[in-house]
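The values are calculated or read from the model by the stated rules, or taken from the named source; none is laboratory data. Keep in mind that what you see is a predicted model, and the values were worked out from it rather than measured. So basically every Cβ, Gly included, is an ideal-geometry build from the backbone, and we count neighbours across all protein chains shown.
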Amino acid sequence: MSLLSIDNLSLAIHGTQILKEVSLKIEPGRILGVIGESGSGKSITAFSVMQLLPYGAECSGKITLAGEDILSRSEAQLCAIRGRDVGMVFQEPMTALNPLQTIGTQVAETILIHKKVSRAAAMERAADALRRAELPQDRFPLSRYPHELSGGQRQRVVIAMAIALRPKLLIADEPTTALDVTTQAQILKLLQKLVVEENIGLMLISHDLAVVADLADDLVIMRKGEVVESGHADNLFRNMQHPYSRALLKASGHVPERTGHARDTALLQVRNVVREYVTHSYGLWGTTSQFRAVNDVSFEIRRGESLGLVGESGCGKSTLTRAILGLEDVQGGEILFDGQPVFTHEHANSDVRRRMQVVFQDPYGSFNPRWKVDRLVTEPYHLLERQPKGREKDRAIAEALESVGLNETDRHKYIHEFSGGQRQRIAIARALIIKPDLIILDEAVSALDVSVRAQVLDLLADLSDRLDLTYLFISHDLSVVRSITERVLVMKAGQIVEHGPTDDVFDHPKHDYTKQLVAAAPALPDDVAGGRSHDPISGSLV
Amino acid sequence: MLRYFLKRLLSLALSLVAASIVIFLALEVVPGDPAAYMLGLNAQEDTLNALREQLGLNGTVLERYLSWAGGLLTGDFGISYTYRTPVSEMIGDRMWVSLPLALYALTLSTLIAFPAGIWAASRRGSYVDAGVMGVTQLGVAIPNFWFAMLMVLIFAINLRWFSAGGFAGWDAGFWAGMKSLTLPAIALALPQASILTRVMRSSLLDTLNEDFIRTARAKGLNKAQAMWRHALRNALIPVLTIMGLQFSFLLAGAIIIENVFFLPGLGRLVFQAISARDLIVVESVVMLLVFAVIVVNFAVDLAYALVDPRLRGRR
């Protein structure tokens, strides 16, 4: 008998069908990877097991956990099961913990709800759970508050809460999506260790095939609320049957086709740049100290080139971006765009500023929801001395929208009418409208599903060829950087620790930090059919 | 925590100094000669001089400010021009009406708002929620003096449970004093409770949508436990802010209600002093109210730190 078996689970919320006859099984001591893009129903499947569903959700079918029929249990019985038999780990470690309680109290609570033990005994077991989650007490005492811990450490606290009572089943819903790549590798290793040592069954939900590929024993691939394919991981990766699975695999290793056209002239020169912040201490008299976010950084981007910049959060990537855009002055060195400084007289140099544009990560937060697309797209016009009006402006909007694969008629719509991928296309159209030379792509595809990401990468490659664009591509995702850039810089603690042709750097890393990054990056098995493909993405995916 | 405390304390002291300067300048320097202002247009020159002497107006602005501020620090607020009694005594008497009244009203409003807000939030979208929201909408909209008069009609004139106005004095016993403050306190508390209920409800609903509530539910807590143990304290910060603002308002803003009920409180004192052009009293009471507001804000800041460990600074 399986630990968890879901048979023909269907689910509707207020009459809208969300899940259609989903079936899957998890065995103790094994990892089931559940893969799907946003809206595939993978998270709602997990929440069905916990019966923590949105208001108005109705399930039919059968969920059996260790012999118990979950759907026929009362709310009180379910409360007894949650936390004791099933533990859950969530995507967002920064907000998953109560900010007002110590980590000890929060982990001990799992024990106190289910067991009749004293508070002291519960605290002792909490310390044990934290130790198993690799947060030893001597370095992370129980009296710590969540805000005193990093994202990865907080995720360990959530894991400790989930495993405190040694549950039979652990559900991890995108547990590492919000984390840096090296932290991700550590958390995944921890989960794997727990599965083996404590004979837990793990349901590992992810949008990222590569994350799951390393770990899972079995796989389920979901799409639009249905299971399209399932089986043993090894077999499945090598022998995918369903066209969707194959397209998904292909998309995650997708490399857009580009004609290299980098020339010898430098477009952007960054020379010995230092960017310091004054940090205010907590002292009574407000003593200040300096924090060097960017430390003696030098590099060049040649015209027509696509340069990658990789590094983990807090390494100074974003600070450097702001300095390049002339939003802030630098404390040392200089930044030249086509030979001219980007920052003059306390302001961004508008002569060069209008030749640079930026596309940010968040396709939801970077637009004013009350503006129509034409107004959003023409926002960068304020940088121009002579702003196009009337028919000229209409033509520019149409051209920008069409160049990113949207219709001219989309100009009258509001941003909520578009999907995440379409929004990112609009963000690119907004960058293109003033015909810049350099576009800075700051984690521009990180929030997108793999299939959409592949399409946007294709679009970027095509645009750079057609419009002779130069890209500075900033990302924590090595595989994306590898697929679209010719050269790469690796940044750590404000400094460039390694640079060179992208393939060289990733295949033969020299600096220890680069080696760590490359080793930590989740990768699909080498011999898998999809691997790294140059084939265009077929339309069947979306 | 100590640093936070000291920093807040320093900011309290600086605010007080800044406020005293503004009040001093506004009332003494800007309108010209305070003595002429107090005595009116037809005052005799020698009377004016005598009053100037008495008010200590013969000196530079700085000297006058220092002597006024020094007096405030030692509890010497000067002599009221109209009543010919020390202002400190007058304020002391009135304080014993206004402060208990404000505390009484705030207590009532909290006792109503917390349960009502929690009740509405825990039954979001139900008839209970709609009912609470409707009643609080009315409570915010109804002017409190109108409600006060309505209560006087019902409870004082028809039912004769309370007197229609006046203050029995604490000498008549604690309960007699409280009894004469009850109707005014209810009238003051009603709109405050309505606002506080709405803040409590929406803050709690926001918190119930947070990720850590889902984490708590995944641990096995039921809805009520998740709300009481995790949501409530997190929802408290905006509620504390509003309570701080309300207390300051209740202390200073009870003028209308004190007039409706003929209560000898600070609000009425200021009202009378302004009508009588008794600038010394106005100045002192305004300074006192500013002091109260700043001290309440200080207390609210400390309460934040008690609720939220993130404000206590790193250890």
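Looking at segment A:337-352, can you tell me whether even one residue there is in a loop (DSSP other than H, G, I, E, B), under 26 Å from A:R423 (Cα atoms) and at pLDDT 80 or above?
no
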Among the residues that make up segment A:48-62, is at least one of them assigned to a helix (DSSP H, G or I), surrounded by 15 or more Cβ atoms within 10 Å (Cβ to Cβ), modelled with pLDDT of 85 or more and in contact with a His (Cβ under 9 Å, 6 or more places away or on another chain)? no
Just checking, which of A:G87, A:G33 is within 13 Å of another protein chain (Cβ to nearest Cβ), in a strand (DSSP E or B) and touching a strand residue (DSSP E or B) at 6+ places or on another chain (Cβ under 7 Å)? A:G87
Residues that are of a type in the set (D, E, K, R) and crowded, with 18+ Cβ neighbours inside 10 Å, drawn from segment B:264-307: B:R268, B:D278, B:E283, B:D301
For A:A172, indicate whether it is outside any helix (DSSP H, G or I), touching a Leu at 6+ places or on another chain (Cβ under 8 Å), of a type in the set (G, A, S) and outside the structural domain of A:L52 (by TED's automatic domain parsing). yes
Of the numbered conditions (1) surrounded by fewer than 21 Cβ atoms within 10 Å (Cβ to Cβ); (2) among the aliphatic types (A, V, I, L, M); (3) out of contact with any Ser or Thr (no Cβ under 8 Å at 6 or more places or on another chain); (4) in contact (Cβ under 8 Å) with a residue 60 or more places away in the chain, B:I242 satisfies every one except a single condition; which is it? (4)
Kindly provide the set of residues from segment A:90-105 that are at pLDDT below 90, more than 7 Å from chain B (Cβ to nearest Cβ) and in contact with a Ser or Thr (Cβ under 7 Å, 6 or more places away or on another chain), ordered by number. A:Q91
Looking at (1) more than 12 Å from every other protein chain (Cβ to nearest Cβ); (2) within 17 Å of A:P175 (Cβ to Cβ), which is the only condition A:L52 fails? (1)
Tabulated pairs, segment A:106-117, first more than 11 Å from chain B (Cβ to nearest Cβ), second not β-branched (V, I, T), C-beta under 7 angstrom, 6+ apart or interchain: none
Residue selected from segment A:163-178 under the condition under 23 Å from the mean Cα position of the chain (by Cα) and crowded, with 24+ Cβ neighbours inside 10 Å, by the criterion modelled with the lowest pLDDT: A:T176
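Being in contact (Cβ under 8 Å) with a residue 60 or more places away in the chain and surrounded by fewer than 21 Cβ atoms within 10 Å (Cβ to Cβ) is the filter here; which residues of segment A:443-460 pass it?
Those that are in contact (Cβ under 8 Å) with a residue 60 or more places away in the chain and surrounded by fewer than 21 Cβ atoms within 10 Å (Cβ to Cβ): A:E443, A:S446, A:A447, A:D458.
Residues are listed down the side, and each one gets a yes or a no for (1) assigned to a helix (DSSP H, G or I); (2) under 23 Å from the mean Cα position of the chain (by Cα); (3) closer than 20 Å to B:T215 by Cβ; (4) not polar (S, T, N, Q):
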site	(1), (2), (3), (4)
A:N8	no, no, no, no
A:L11	no, no, no, yes
A:A46	yes, yes, yes, yes
A:T64	no, no, no, no
A:P93	no, yes, yes, yes
A:T105	yes, no, yes, no
Quick one: which helices (runs of 4 or more DSSP H) lie wholly within segment B:213-315 and hold at least 2 residues that are away from every other protein chain (no Cβ under 14 Å)? B:232-252, B:255-260, B:266-275, B:279-307
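Just to be sure, is B:I91 farther than 30 Å from B:D308 by Cβ, of a type in the set (V, I, T) and more than 14 Å from every other protein chain (Cβ to nearest Cβ)?
Spelling it out, B:I91 is indeed farther than 30 Å from B:D308 by Cβ, of a type in the set (V, I, T) and more than 14 Å from every other protein chain (Cβ to nearest Cβ).
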Just the residues that are within 34 Å of the chain's Cα centre (by Cα) and within 14 Å of chain B (Cβ to nearest Cβ), please, taken from segment A:71-81. A:L78, A:C79, A:A80, A:I81
Given B:V140, B:V199, which one is more than 14 Å from every other protein chain (Cβ to nearest Cβ) and closer than 30 Å to B:P264 by Cα? B:V140
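Residues checked against (1) more than 19 Å from the chain's Cα centre (by Cα); (2) more than 25 Å from A:E305 (Cα to Cα); (3) in a helix (DSSP H, G or I); (4) not hydroxyl-bearing (S, T, Y):
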site	(1), (2), (3), (4)
A:E385	yes, yes, no, yes
A:P388	yes, yes, no, yes
A:L406	yes, yes, no, yes
A:A427	no, no, yes, yes
A:I434	yes, no, no, yes
A:I440	no, no, no, yes
A:V452	no, no, yes, yes
A:V456	no, no, yes, yes
